[in-house]
Each structure stands twice: as structure tokens, then as C-alpha cells.
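Written out below as C-alpha cells is the structure these notes cover.
The values are calculated or read from the model by the stated rules, or taken from the named source; none is laboratory data. All values reported here derive from a predicted model rather than from experimental measurement. Because the Cβ atoms are built from the backbone with ideal geometry, glycine has one as well, and the counts that use them run over all protein chains shown.
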Amino acid sequence: MKNHTPGNMETTEAFAELERGIHAALETYSNVHRGSGHNSMVSTHLFEQARDVVLEYLGLKKGRYVVVFCTPRRAATLVKQLDPGSYKIASSPDIGLSLGIRALAVKRKSLPGGTPFETGGGTTKLVSRDWVIWADAPDRFEAGTPAIVNIIAFAKALRMMRQFGKEIFMGSAAEKHSATEILYHDELDKFSGRELLGELRKTLVGRSIRVPTTEGSKPFVNLDNSASTPTFTPVWNAFRQAWRQSEHVKKAIIQEVKSICAEALGAPGALYNVIFTSNTTESINLAAESLGRESVDGSEPVVLNTLLEHSSNDLPWRRIPACSIIRLSVDGDGFVDLNEMESLLISYNQKKQFGKKRIRLVAVTGASNVLGVCNNLEEISRIVHQYGARLLVDAAQLVAHRKVDMERCGIDFLAFSAHKVYAPFGCGVLIARKGLLHFSAEELDMVRSSGEENAGGIAALGKALVLLQRIGMEVIREEEEVLTGRVMRGLAKIPGLRMYGINNPESPGFSHKIGVIVFGLKNKMPAHVANQLALQGGIGVRSGCHCAHIIIKHILHVNPFLERFQRLIQTLFPKVKFPGLVRVSLGLANSEKDVDTLIHVLGRIAGPAQASTAAKAASATPDLSGVEAQRQINKFVRASAQKVYSN
């Protein structure tokens, strides 16, 4: 980039430099806070550094203030609970960027206590069926996966403005494209099916990144796709082109992506509304808020969900006044007992055996983020509607892996996030059957405008869905089944390793499982295993409870006494992390080589220490110590962050 003095930078150059920084962040992108791999460490560092940049920009002291990143709607809700002099706000539209970001810098002692106004993934430390220990600020106010890349972009822009002046993004930087060009045309136009998948993999952003390990520099292996997915160049191009367009073109993009969602998910516009949010969590919170406003013949609402649910499809229902929750049991593979479901619906809604209580909604996961199973949504829907209830599907783990047809399956509400569909730019979706959302016109306008401010994120989602449709969901399913079977066969050979749920490709239920496998290793803590995978193999996985505490405790047979003991320990020692399971999750960019690397490194971790020592002694290139490798990883993280935020 050219040398500039403050106040002397062209808008086009400013956007080019900003996009360079965002692209650098995408090269090492992963979900924040809970991952074990190099990419998660970098993204977490960048995300937390963004808070410092906001305080820097606002001239506030870090010790006195905490920064909470919000959507426009969340910010408005939180501000209502704060004293006027207790906060300052930085907004992406105020600096000329359509990112959908509000950064609230709030005096630490002024943040409200009690239950957060929006609940879900990331807002808790420990969850039981009947109680919750909430996370500390700012996490408790940032429900679900934040718009990580957008927030990093916002911080980068603020830092640039301090150097080059506050007007650098206010001029005309429009690359004139139509919505059709951005969403439907790209350098891979001539490809489709498996050929397109092969070519798309070559455009993976960050494909060439190498990371430090105990065995020297290695290609990073991302096996944490259930937490968040990386992106591809055509999707990134859609994002960066969209936010440079005129307001007229942005509006056209938003309308066209609604049509793309409707087409891809079998939700015709005559029957369904498509609403853009920030993530799955916000979408489900909206549905829960709507249900809480319903008044049906004086009856008391009951929500029926399952032991499988992510916190984002559990905690929001607990906030509905006078609402009861019933959780369906699952078998050893994770499949719901449909007979139990029908029996409960008959008891509550047909025979009315529980007074005024009526099951109004059945809220189920489309694909479990722990066991990977896809329950039979068409049969669930048939039973649900037969007894006068409605069906909501948490499709966060489903949309990128299986064909979804809302109309055919009779789904009333469906929620998912773009960041799990290879478009990690802060966009979520709620698709609702018309007439089922109980908000005033003014409230719906606020909901819509809040989500639609992020035009680039919406464009990226639309582009990602178009690419998935061009590849074909059946092709994606077949490719992932091959890799999933390879993982299972490899893990089955490792001594002391236990997989949970479906663990055999020959199982009758295997065709109903996405590429999510959880396991434990005898005598080794899950966090240690995940850390060693990163240290020894450059492999990113996830360990812990995966924001699905109830199913993890169920499959690990955590009894009520132990659960109460965990609650006591968490209260007395808030920084304690409880064990869970290691999770491997596959995506479009993964290969057989990735799987083989995982199996090889896990075999070494599981093997006896003597064998590992002998292998090192026989090696021509001595391994680094774990301490030295960790030092190099920390250096890699700092260098990656510097690459993003430097001008």
C-alpha cells in the first residue's frame, strides 16, 4: 500500500487495505474461545483484540469498561437497561460500513445481572435440565457465535480511521455490479457437481497456511467444521463486492438472497417469510419471544424438545413465562423415540390429562452437533401436526450437509447460521410460516432492518447456498459419508478410544448421520487430547461439552449427585473447566489425507510413552519439545494478528 499522511487516503485504497486485513483474518478463521487448534487461537486473539481497539477509539480505559459486540437490535435492548452515562457506543454505519455491528463500551459495574435478555450458546458456564450458571460479561450478552469476521473488520477500520481520518470509508468505493452478477456468476461458472466441488476446494481461503508443531511446520488440518466453517474465494468475493455497492443494489441483493433461501430450503414465498438475523441463536430467541406472546384459549404453553439440543434450542424456551419444557429421550445412537413423542402429544393435546397445559411447539435439532444424527423430520412433522402443535427445526448443523424441504416436511420454523454454511460473515436466518410470528409491524421492521444492515454477510450466504446447489446436496452427502466411514474405521483401531453414538459405517443408522464424531481416550482428558492434536499434528478439533451439556452428561452417565457437585465446584471455582468429549467434524474442504493425519496422530497420543520416545529417537529430525512448540504457536498467533491489524 502507498505511504499516506493522516487524512490523505482515497476511499478505494481504504477499502482495498481493509479487505487485505479481512482476507488475512479469513486465512486463519475458526470459531472463538473454545477451539483447540491454531486457527481458533488466532481468531480468538483477533476477536478479543477488537475489544481493545474499540476502547482505544473511544478513549476509554480497559480496566473500567467492557466491550459488548451487538447487532443493532440487541444494542437497543441492552441500552434500555443501562444508565445514560454508563456507556459509549461505536457503530459500523457511522463509519460508512454496512457490517451490522454495534460495539457497546459499558462500565463494568453497570451491566445488568440476572438472566440475559437473549440466551443460547456461549452465554453459560454450566447447564442442567433445571438450572444454569451464566457466563461472565461480555460473553453472557453475546448469545451464539458473534459476527467474528465483521467485528475484526470493524476494529481494523477503526484503527485505520485513527491513522488516516474519519472520512476514509465515507466516499464512493462502488465497484458497479448487479445482484445477479454477484450472486450467480464467478470464475467457476463452467463447473458443476463433483467437478465444481474439486475446483471449489482449490479456492479455500487459507489453503496454503502452515502452522508450527512439535514436528516442524505442517499444513493446518481443520476438523472443527461444526463449530464454524472456513470460506472459499467466490463467497469472499460476494461479501466484498456487496458492501461496496449502492444502497439500491444492496436491497436487490437482500431480496434475491431471500429467494435463494426459499428455493434451497423448499420454503416458497407464498407460504413462508425469510428473516435475516445474526445467527441461529437470535433466530430461535425470536421464535421463543413470539411463542411467549401467544394466547390460546387460556392454555399454558409446553415446549417439547429432546436431550440432544444445543443450548440455543433449549435456553430460549426457558425464558417464556409459565412455559414448561419436556425433553424427549434418545436411544444410544441419538434417535428420538417417536412413540414417546406421540404418546406425550396425545396426553397433553388430545386427552388433556394435564389441565391447561398444551404442547404448542416441538423444537428439535435437524442434526445433532454432538452425535451427528439426523432425525426423521417428515415423520416428526406428521405426528406433531396431527395433534395440533407446530414444528421448529434448529438446522444449524443440517443445511450444509443435507437437502432440506420445509414445505414437504411440514416445518413451521427453521433456523440456521451462514457461518456453518461456508459464509462466516455474521448472518443468520429464521424462516417462518406466514402468520406465526407475533410481532407488531414496527417490531418486525426493527428485526428486519437489524439483520439486513449486514448486506455483505447476506450476499455471502446467498453465494454459498448457490454453490452448494450447483454441487448438489446428494454429492456432498456421498463425499462426507466416505470420509466419515474412514474416520470411524480408523478410530476403531486405536486402543482405549471409545466413540459415542453411531460408530460403525455398517450400522443401519449410518446413512442418517453427518460427519460429526465424538470420542474419549482412556486415561486422557479431552482437553489434553485436543491440545496434543494441535501440538503434534496441526489439527484443529473441539473438546468439552459443545454447548450441549445435557446430552454430554447423559451419554457420560453423569448422575444427579455428580451434577450438583459440579455446580458447587463451578460456583466456588469459576475458572474450572469440566471434561466432556473430543469432537471431530468434517466439511467440504476435508480430504482422506486429513483423516489419515488424524488417525496417525491419535494413535501416537494413545500409544505408550515408551513407543513415542523410541519413535522420536529414531527420527532423523528431532521433535521440538511441547513447551517450545507452544512458544512457536504463540508466536504464530501474534504474527497472524499483526498481519490483520497492521496498515
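General observations
- Restricting region 280-323 to residues that are under 26 Å from Gly334 (Cα atoms) and among the acidic types (Asp, Glu), the residue that is farthest from the chain's Cα centre (by Cα) is Asp314.
- Single residue of Val370, Val296 found to be in contact (Cβ under 8 Å) with a residue 40 or more places away in the chain, within 27 Å of His546 (Cβ to Cβ) and of a type in the set (A, V, I, L, M, F, W, C): Val370
Yes or no, residue by residue, for (1) closer than 27 Å to Thr119 by Cβ; (2) charged (D, E, K, R); (3) in contact with an Asp or Glu (Cβ under 7 Å, 6 or more places away or on another chain); (4) crowded, with 18+ Cβ neighbours inside 10 Å:
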residue: Ala16; (1), (2), (3), (4): no, no, no, no
residue: Thr28; (1), (2), (3), (4): no, no, no, yes
residue: His33; (1), (2), (3), (4): yes, no, no, no
residue: Ser43; (1), (2), (3), (4): yes, no, no, yes
residue: Glu56; (1), (2), (3), (4): no, yes, no, no
residue: Pro72; (1), (2), (3), (4): yes, no, yes, yes
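- Only one entry in Ser329, Ser312, Ser347, Ser324 is touching a Gly at 6+ places or on another chain (Cβ under 9 Å) and either in the same structural domain as Phe413 (by TED's automatic domain parsing) or at pLDDT below 95 (or both), namely Ser312.
- Residues that are surrounded by fewer than 19 Cβ atoms within 10 Å (Cβ to Cβ) and touching a residue at least 60 places away in the same chain (Cβ under 8 Å) within region 211-236 comprise Glu215, Gly216, Lys218, Pro219, listed in sequence order.
- Residue, surrounded by the fewest Cβ atoms within 10 Å (Cβ to Cβ), within region 554-573, restricted to residues that are of a type in the set (Val, Ile, Thr) and in contact (Cβ under 8 Å) with a residue 40 or more places away in the chain: Thr571
- Scanning region 126-164 for residues that are farther than 19 Å from Asn313 by Cβ, assigned to a loop (DSSP other than H, G, I, E, B) and under 16 Å from the mean Cα position of the chain (by Cα) yields a single hit, Ala147.
- Counting only strands (runs of 3 or more DSSP E) that sit completely within region 383-482, those holding 2 or more residues that are modelled with pLDDT of 95 or more and farther than 16 Å from Phe276 by Cα correspond to 390-394.
- Some residue of region 218-229 being aromatic (Phe, Trp, Tyr), assigned to a loop (DSSP other than H, G, I, E, B) and modelled with pLDDT of 95 or more: yes
- Matching residues, region 260-303, being out of contact with any Leu (no Cβ under 6 Å at 6 or more places or on another chain), hydrophobic (A, V, I, L, M, F, W, C) and over 17 Å from Arg433 (Cα atoms): Val296, Val302
- Pick from region 92-125, criterion crowded, with 17+ Cβ neighbours inside 10 Å and without any contact (Cβ under 8 Å) to a residue 40 or more places away in the chain, ranking: farthest from the chain's Cα centre (by Cα): Leu104
- Every test in (1) free of Cβ contacts under 8 Å to residues at least 60 places away in the same chain; (2) under 19 Å from Gly426 (Cβ atoms) is passed by Gln241 save one, and that test is (1).
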